[in-house]
Amino acid sequence: MRVIIRHLNRNGVLYDFNRMTLFLALSVLSHQTSTVDVSQSGLKLAGWEQARPIEIEVVGADGTAAWLKAPYREVKDGQAEGVLTTPGGSRFLVTDRFSTTESGLVLDRTVRVLAAGSEKGFSSRFSVATGSPTTIRDREFFIPGVWYLRNQEVPPDALASEPDAEAVLVREDRLPLSLAMVRDPKGGATLELAHLQPEGTAFTGEDHRPRIIDGRMRFGSIGVLNRGNLALAFQYPGSEGDRTYVGGPGKAWALRSHPIQLGFEHMYRLRLTAGTSTKFADAVRSSWRRAFNDAAPKPPKADIDKAYRASMDLLAKYGVRYNGVPSMPFQLRVPDGEVIDKSSQMGFVGKAIPAAALLLKDALDTNDSARKRQAEDLINYWVENSMTPSGVPKTWYDIHNEGPVTWREIPTHLRIASDGMMGVLDAWKLDKRPAWLAFARRFGDFLVFKQESDGSIGGLWNWDGTPNNPYKNVTYQTIPFLISLHSATGDVRYRKAAILAGEYCLSTVHKAYSYVGGAPDNPNVTDKEAGILAMQAFLALHSLTSEPRWIAPAAQAGTFCETWTYAWNVPLPKNDPKVVYPQNRTTLGLSIIATGHSGADNCMALTTYDYYRLWILTKDPHYLRYARFISQSTLQMMNWDGTLNYAQKGLLTEVLTLSPPHGHGLHGWLPWLTVAVLEPMVRMKKAFGTYDIDKIETMPYAERLRRVVQNP
């Protein structure tokens with residue numbers, strides 16, 4: 001008789017004599033108890049398994065590569081190890097140490113070169129595959145900033161745009177968190193794989209597709225393999241394919257390996273979590289929050305008072321007359337602050353009218369009559385010159401050294417016009433000039449007249465009032481404006497239009513989990529700004545109606561746009577003059593802009609007050625934590641304290657990429673950057689008398705709720 005001795009250690013892991021079984025305490029997370037079996041053949045977990053856990057890719061002297069697999073040779077007391085020997089005589093020792101946390105099963109892996117044969121490079125992979133044939137088309141996916149649901153609305157060259165791709169491995173420096181989750185829509189079973197404590201180290205020149213073999217690379221790639229049995233996978237170092245943005249978008253691999261040198265080793269820590277979610281949105285929220293909690297991001301403190309003052313003064317310095325024409329200029333050069341584009345755009349990235357409204361508020365707060373005239377001059381120019389007889393405003397004008405101002409003959413986008421009109425109403429609330437309100441009403445009346453019976457509103461209009469493009473998936477963009485116009489006028493037509501538009505968006509945005517077209521220059525694409533604007537629209541509808549049904553859609557949209565935000569610090573090369581990001585600041589709080597590329601910006605600065613409102617309305621402490629995180633992290637790229645050697649305090653750069661080419665981007669400031677920083681501060685201070693969240697939290701909850709309700 002063979003006697004099997006089992007014991008339960010203090011980590012909640014149950015071992016036996018010749019194999020290891022880990023009972024994961026996941027009942028809180030997944031409403032079920034998941035069991036992981038670890039044997040020489042690898043893991044078995046809730047419909048997922050490994051055939052052979054040791055996977056090593058070796059690169060021969062001639063550049064050809066092959067993947068080799070092997071089982072463990074020993075499994076004992078929470079540790080498994082095995083040796084893989086290659087045809088060229090290289091030998092690798094793989095040691096896996098297993099433990100459990102409240103979040104799931106944690107694997108600490110070390111791969112060490114025991115012998116260097118004829119091969120020159122290697123990488124390793126951890127993967128778990130479905131136990132039966134499964135494809136990408138059978139599942140739903142979440143990779144932050146890259147892959148949502150089935151990625152129906154992404155550019156054709158985007159990562160994860162091809163449902164029959166054999167591999168979707170994404171390098172983690174282009175990810176807000178190194179995380180991949182897959183969900184079975186039949187039953188809702190989920191499995192997520194996360195890389196904990198990523199380093200992200202790369203170097204200048206690591207920006208081309210051909211294979212690089214270099215020990216300095218300390219980043220992985222994460223995603224899925226689609227080769228008969230779908231597999232969640234993590235690869236180190238991070239080869240990317242079978243689509244990549246390295247060297248430009250395309251169907252190709254950017255291959256990365258470490259050198260085969262005696263004693264060389266690489267290490268990584270992974271987490272596997274199994275669960276169930278009745279909805280894809282719930283699975284995204286759970287996966288993201290677990291990874292966010294694991295990362296525990298803590299940005300350095302910034303002085304918000306100084307950031308506020310530097311930002312207002314920056315608008316005042318540049319929002320002046322150019323060749324006799326008032327303009328909030330479209331672009332400044334960073335770091336010298338020189339105006340390189342004097343044109344003015346009503347909303348979106350130009351944010352000319354919202355910037356002028358902020359300037360007006362600051363003038364009234366400080367009793368600065370000159371600054372007040374300056375702001376009025378900027379607003380009046382738009383009110384007096386941009387409206388067309390149809391009610392569609394022109395949205396962009398150019399100032400010339402000689403000759404009159406010319407308007408760019410481009411269609412009017414719903415987002416750009418709505419941004420501008422919100423700015424006009426913000427200014428009118430401070431200084432109730434009839435012409436300003438009449439200007440906003442012209443556009444509001446146009447929207448009411450053009451709204452379809454299903455609540456939708458077209459996204460692009462010609463100046464004569466005819467539709468330029470029939471797409472309506474951006475209807476959410478004008479809801480806050482219609483609600484603000486109703487508040488200003490009492491006209492119930494605007495209220496009805498806003499609610500009808502909201503009903504349309506409940507179906508096409510919230511229930512469809514479709515956040516598309518936030519940026520007018522990149523329409524019909526899944527992007528972060530769509531989530532931000534949808535969250536703000538649903539919150540505005542809640543404020544208008546006091547109906548709780550709008551809170552869950554706002555929260556879902558909030559979670560969606562959270563997942564675009566870097567919650568780990570990506571190191572940038574120190575010796576590259578093309579890096580536009582300040583070297584002494586953390587990259588926490590930057591956020592991916594859209595699918596189809598990995599450009600990042602500071603747009604989440606806009607959301608601090610919105611997340612604080614979600615905290616008050618839902619009592620979900622995660623939103624409080626996230627509001628605090630955003631309020632500090634999004635000031636890291638700004639010259640709020642004068643230490644960045646920029647010509648002006650308040651300057652910051654517009655866009656960059658944290659993946660190859662690392663840290664490159666635009667040496668320029670656009671007005672939206674400062675508006676995004678200031679608007680939530682203004683809203684917070686109006687509601688609570690301060691924008692210091694810690695001070696606000698000392699107020700009784702009932703008082704905070706009252707103030708949030710009264711100050712949408």
Let me check I have the definition right: for segment 299-383, take the eigenvalues of the Cα gyration tensor, multiply each by 5, take square roots. What are those semi-axes in whole Å, largest first?
21, 17, 11
Taking a cut-off of 24 Å between Cα atoms, list the lysines near LYS511, but don't count ones fewer than 8 places away on the same chain.
LYS186, LYS279, LYS472, LYS496, LYS528, LYS619
To the nearest 10 degrees, how steep is helix 701-710 against the longest Cα principal axis of the chain, on a 0 to 90 scale?
50
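Using the Cα gyration tensor of segment 359-446, with a ≥ b ≥ c the square roots of its eigenvalues, what is the shape: rounded (a/c below 1.5), prolate (a/b larger than b/c) or oblate (neither)? Display every interim value, and only then the final one.
On the way: a/c = 2.27, a/b = 1.29, b/c = 1.75.
It is oblate, given that a/c is not under 1.5 and a/b is not larger than b/c.
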Averaged across orientations, what area in nm² does the convex hull of the alpha carbons in segment 405-499 project?
6.4
What lysines does LYS317 reach when the alpha-carbon gap must be under 23 Å and sequence neighbours fewer than 8 apart in one chain are set aside?
LYS306, LYS342, LYS351, LYS361, LYS372, LYS649
Enumerate the calculated ³J(HN,Hα) couplings along segment 190-205 in order (Karplus 6.51 cos²θ - 1.76 cosθ + 1.60, θ = phi - 60°), each rounded to whole Hz, writing x wherever the residue is Gly or Pro.
10, 9, 10, 10, 10, 9, 8, 6, x, 8, x, 5, 9, 7, 4, x
Under 5 Å between amide H atoms, partner at least 5 residues away or on a different chain: which partners does THR690 have, H built in plane at 1.01 Å?
none
Given the -39500 (n - 2.57) contribution per DSSP H run of 4+ residues, what per-residue ellipticity at 222 nm results for the chain, rounded to the nearest 500 deg cm²/dmol?
-9500 deg cm²/dmol
Per residue of segment 65-81, what does 6.51 cos²θ - 1.76 cosθ + 1.60 with θ = phi - 60° give for ³J(HN,Hα)? Whole Hz please, x for Gly and Pro, Karplus curve as stated.
10, 8, 8, 10, 10, 8, x, 5, 9, 8, 10, 7, 6, x, 9, 10, 8
What's the angle, to the nearest 10 degrees (0 to 90), between helix 434-450's Cα axis and the longest principal axis of the chain?
60
For ILE340, distant residues with modelled amide H under 5 Å away
GLN331, LEU332, ARG333
Pair GLU697, LYS619: separation of 7 Å Cα→Cβ label points (nm):
1.8
Long-range amide H partners of ASN524 with built H, under 5 Å
GLY517
Cα axis of helix 671-688 to longest principal axis of the chain: angle in degrees, 0 to 90, nearest 10?
80
Phi-derived 3J(HN,Hα) across segment 167-181 with the Karplus relation (6.51, -1.76, 1.60, θ = phi - 60°), rounded Hz, x for Gly and Pro, is 8, 10, 10, 10, 5, 6, 6, 9, 10, x, 9, 7, 8, 9, 10
With r defined as the distance between the Cβ atoms of ASP305 and VAL405 and R0 fixed at 35 Å, what FRET efficiency is calculated, to the nearest 0.05?
0.40
Among (i) 49, 27, 23; (ii) 50, 32, 24; (iii) 54, 40, 24, only one was calculated for this model; which label is it, if the read-out is semi-axes √(5λ) of the Cα gyration tensor in Å?
(i)
Run the reach check for LYS44 against aspartates and glutamates, Cα to Cα strictly under 18 Å, same-chain hits fewer than 8 apart removed. What comes back?
ASP16, GLU55, GLU74, ASP77, GLU81, ASP96, ASP108, ASP184, GLU192
Cα centroids of segment 168-223 and segment 471-533: how far apart, whole angstrom?
33
Work out, in µm²/s and without decimals, the Stokes-Einstein translational diffusion coefficient of segment 583-712 at 10 °C, 1.306 mPa s, Rh from Kirkwood over C-alpha pairs.
101
Report the FRET efficiency, 1/(1 + (r/R0)^6), for ALA51 and ALA512, where r is their Cβ-Cβ distance and R0 is 45 Å, rounded to 0.05.
0.75
Which whole-number percent is the relative contact order of segment 7-295 (Cα, under 8 Å, 6+ apart)?
19
Approximate spin-label separation VAL709-ARG321, in nm, with each point projected 7 Å along Cα-to-Cβ:
4.9
Compute the Rg to Rh ratio over segment 136-218 from the alpha carbon atoms, using the Kirkwood formula for Rh, and round to two decimal places.
1.01
Contact order relative to length for the chain, counting C-alpha pairs under 8 Å separated by 6 or more residues, stands in percent at 12
Per the rule of 0.36 nm per residue minus the C-alpha distance, extending THR489 to ASN575 adds in nm 25.3 nm
Run the quick spin-label model on VAL83 and LYS685: label points 7 Å from Cα toward the beta carbon, then report their separation in nm to one decimal.
6.9
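Read the figures in this text as sums done on the coordinates, not as results from a lab. This structure is a prediction, so every number in the text was calculated from the model and none was measured. As a convention, Cβ positions derive from the backbone with ideal geometry for all residues, glycine included, and neighbour counts pool all protein chains shown.
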